[in-house]
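Asker: Got a structure for you, written out below as C-alpha cells; questions coming shortly.
The values are calculated or read from the model by the stated rules, or taken from the named source; none is laboratory data. Bear in mind the structure is a predicted one, so any value in this text is a computation, not a measurement. So basically every Cβ, Gly included, is an ideal-geometry build from the backbone, and we count neighbours across all protein chains shown.
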Amino acid sequence: MEKTQFIEQLIHQARSIPMTTVVGSRMSLIRKGTSYKGLCPFHNGKKIGSFDVSDRKQIWKCFSCGVGGDTIKFVSLYDGIDYLAAAFRVALECGIISSWEYDEYYANRRYRKHDIEKIQRRYEAVDKEKFQNNIADNETLDQVFRIFIKACDLSETHKNHLLNERGLTEEEISKGLYFTFPTRKVLSKFCKNIRSTFDGSEEVLSTIPGFFRQESKKFPGQKMYSFAKHVGIGIGIKNAKGQIVGIQIRHDTKGDKDARYVWFSSAFAMNDDKYDSGTSSGSPVDVVYPEIIKNRTVLITEGRFKAQHLSKATGSITISVQGVTSWRGIVNELDEIPNSFAVKKRYNGDYKVHCLCIAFDADMNYKWQVAEQLKKMADQLEAHGYYTYYLNWSEEDGKGVDDIILAGKQGTIKRYDKELWDKSYEKMCESILKNEPYTKMADVPKHIVKKYFEIYVRAQTLPLKKGELSGVHQRGIKSKKTRIAI
C-alpha cells in the first residue's frame, strides 16, 4: 500500500479505538454516568471532575486547562511524542498493525516535521468541524453506493474466487453485493446517473466516503469527482435495514505494502492540497440475515465471509465487524434489528434478541491485545442489556469460523460463559506475569501465552451444554421476574 494511504487508514483506525481503552491504559479512570473522570495529567490536577473521557462522543477534554482531542493526541501529550509517532504507537499497542508494519512504515522511515504537523492540523480541524458528521445520511449513502455498484461488473476471476475458494453460491454473491472494483472508466457513466438522480448535480459526492474532487487533466482549471485506485473485490456493507452504508475492498494481493482489506474512503486524500471534499468512511457494521431466521440468537464475527457462512449454517442473524476494534456501531444495529423487514416478516413484531454469541478467530486465545479488545466489546454489549457468550474452538480445527464450517467441523465449536472465561483469562495473565520475566502482557511472546492459555483457560473453563445459560443470563432473568412480581 502507498505510504500516505497506509498512514491515513492507520490514523482513522487509531482514532476509532474506544477512548477509555487508550486513556485508561495510561491513567486511572472512574465511571460517572455515561462518561469517565480522572485527574488531568496535563495541569497536575488535584481533584477528579474536570477531566472527562467519553466513548460515546469519542473525545477527551479537561474543562480546567482546556486541553482535549482524540486518542492520538492524548498519547502524543502523555508520552511526549509527536502526533504521527503517537498514531503508530496506539496502532501497535492495540494490535491494528504488526511489528513488521511498524518498522516498515515508521521506524525505518524519516518524516519531516512540517508533514507531521500538517497531518495533526488536518485531524484537529476534522474534530473542530465535526467532519465525521458531514457524511451523508444512510438513505443517501444507500442510493449512491447502489448506483456505483450497478456501474461495476464482477469479473470471472473474482466470481470463481467467491464460488470456489469462499464457498458462496451465485445467489449469495448477488445478495452480498460483490463486485470487481472498477477503474475510473466508470466515472462518466456513474456521474451521469448521479446527476440524473440528484437534480443535475454531483455535489452529493462530497458527503460520500470514497469520492473527492481533483484537478481535471482534460479541462484545466476545473475540478472533477474521482476515487482512489484499488485492485480487488468490492463488498457492499449493509446495516440492519439492508441499506448499503459502506464499501469494503479486498485487495487481490497482500504484498509488502498492501493491506488485504481497506475501506472505500476519501480519508487518504484529505491531507493533500490537490484534492478537496470527501469524507472518511467511519467503521460501518455489516448485518447478514439468513434465508430463514430460525432463532433469536445474534452472532458476531469479524468479516463478511465468516458472517455469511455463520448465518447460513445456524439460521441466525449475524453481525460482522470489520476489525477487532471496530465494534462501536454494534449496539445501534442490534437496536434496529427488531424493526427490520426480515424480522417483522418472520416474527410479526414480537421479537427480542435472546443473546449474543461472539465468534472471533481462534488465534485470539493467545493474542493478548485481541482478547483484551474482545472483552471490552463484550462488556459494552452486556452494559447495554445484551446477554453475551463466547464461541471458541481449537486452532487445529481451523483459524476462522468459516474454515470450521466449510470443513464440516461445527461440532468442535463450544459456547462459554463470558464471566467465567474472563476470570480464567485474568488468572492466566496474572500467572504469566508472576512466573515469566515480563512486566506487561504486551511484551509476552505468543508461544508463552498459548502454553498458559491451554492450562488456565482451556482446561479449567468448561463449555456450556446445549440450552444452558450463563450466570449473568440466569441472574438477569431472575431479576426481571422478581421486579415483575413486586
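Asker: Output yes when any residue across the stretch 248-259 is farther than 17 Å from PHE6 by Cα and at pLDDT 75 or above, and no when none is.
Answerer: The answer is no; no qualifying residue exists.
Asker: Within the stretch 284-374, considering only strands (runs of 3 or more DSSP E) that don't extend past its boundaries, which have at least 3 residues that are closer than 25 Å to GLY467 by Cβ?
Answerer: 297-302, 317-321, 355-359
Asker: Here is a list: VAL262, VAL288, VAL245. Which entry is among the hydrophobic types (A, V, I, L, M, F, W, C) and at pLDDT 95 or above?
Answerer: Answer to the check: VAL288.
Asker: Can you confirm whether ALA407 is small (Gly, Ala, Ser) and within 18 Å of GLU333 (Cα to Cα)?
Answerer: So ALA407 does not fit the description; no.
Asker: Answer yes if at least one residue in the stretch 334-343 is closer than 27 Å to ASP403 by Cα and either assigned by TED's automatic domain parsing to the domain that holds TRP263 or touching a Ser or Thr at 6+ places or on another chain (Cβ under 7 Å) (or both), and no otherwise.
Answerer: So far as the stretch 334-343 goes, no, none of its residues is closer than 27 Å to ASP403 by Cα and either assigned by TED's automatic domain parsing to the domain that holds TRP263 or touching a Ser or Thr at 6+ places or on another chain (Cβ under 7 Å) (or both).
Asker: Return yes when GLY303 is under 14 Å from the mean Cα position of the chain (by Cα) and of a type outside the set (Val, Ile, Thr) and no when it is not.
Answerer: Answer is yes for this residue.
Asker: Among the numbered conditions (1) in a helix (DSSP H, G or I); (2) buried (at least 20 other Cβ atoms within 10 Å of the Cβ), tell me where GLY236 comes up short.
Answerer: Just one mismatch for GLY236, condition (1).
Asker: Residues of the stretch 145-167 being at pLDDT below 95 and under 23 Å from the mean Cα position of the chain (by Cα), which ones?
Answerer: Residue satisfying the conditions is ARG166 alone.
Asker: Out of everything in the stretch 140-177 that is small (Gly, Ala, Ser) and either in contact (Cβ under 8 Å) with a residue 40 or more places away in the chain or in a helix (DSSP H, G or I) (or both), what residue ends up being farthest from PHE190 (Cα to Cα)?
Answerer: If we take residues in the stretch 140-177 being small (Gly, Ala, Ser) and either in contact (Cβ under 8 Å) with a residue 40 or more places away in the chain or in a helix (DSSP H, G or I) (or both), then GLY167 is farthest from PHE190 (Cα to Cα).
Asker: List the number of the failed condition for VAL331; all other conditions in (1) buried (at least 18 other Cβ atoms within 10 Å of the Cβ); (2) touching a His at 6+ places or on another chain (Cβ under 9 Å); (3) under 27 Å from TYR261 (Cα atoms) hold.
Answerer: Every condition holds for VAL331 apart from (1).
Asker: Picking from PHE219, PHE227, which residue would you name as being within 23 Å of the chain's Cα centre (by Cα), at pLDDT below 95 and among the aromatic types (Phe, Trp, Tyr)?
Answerer: Going through PHE219, PHE227 in turn, the sole match is PHE227.
Asker: Do the conditions hold for VAL370, that is, is it closer than 25 Å to ALA14 by Cβ, of a type in the set (Val, Ile, Thr) and surrounded by fewer than 22 Cβ atoms within 10 Å (Cβ to Cβ)?
Answerer: Judged against the criteria, VAL370 is a match.
Asker: Given the condition of a type in the set (Ser, Thr, Tyr), out of contact with any strand residue (DSSP E or B) (no Cβ under 6 Å at 6 or more places or on another chain) and surrounded by fewer than 16 Cβ atoms within 10 Å (Cβ to Cβ), answer yes or no: does some residue in the stretch 403-415 qualify?
Answerer: yes
Asker: Output the qualifying pairs, or none if there are none: Cβ atoms under 6 angstrom, residues six or more apart or on different chains, first residue in the stretch 228-240 and under 30 Å from ASN339 (Cα atoms), second residue of a type in the set (Gly, Ala, Ser).
Answerer: ILE237/GLY246; ALA240/SER340
Residue by residue, here is whether (1) over 18 Å from the mean Cα position of the chain (by Cα); (2) more than 22 Å from GLY236 (Cβ to Cβ) holds:
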| position | (1), (2) |
| --- | --- |
| THR314 | yes, yes |
| TRP327 | no, no |
| LYS344 | yes, yes |
| ALA359 | no, yes |
| ASP363 | no, yes |
| TYR366 | yes, yes |
| GLN369 | no, yes |
| LEU374 | no, yes |
| MET377 | no, yes |
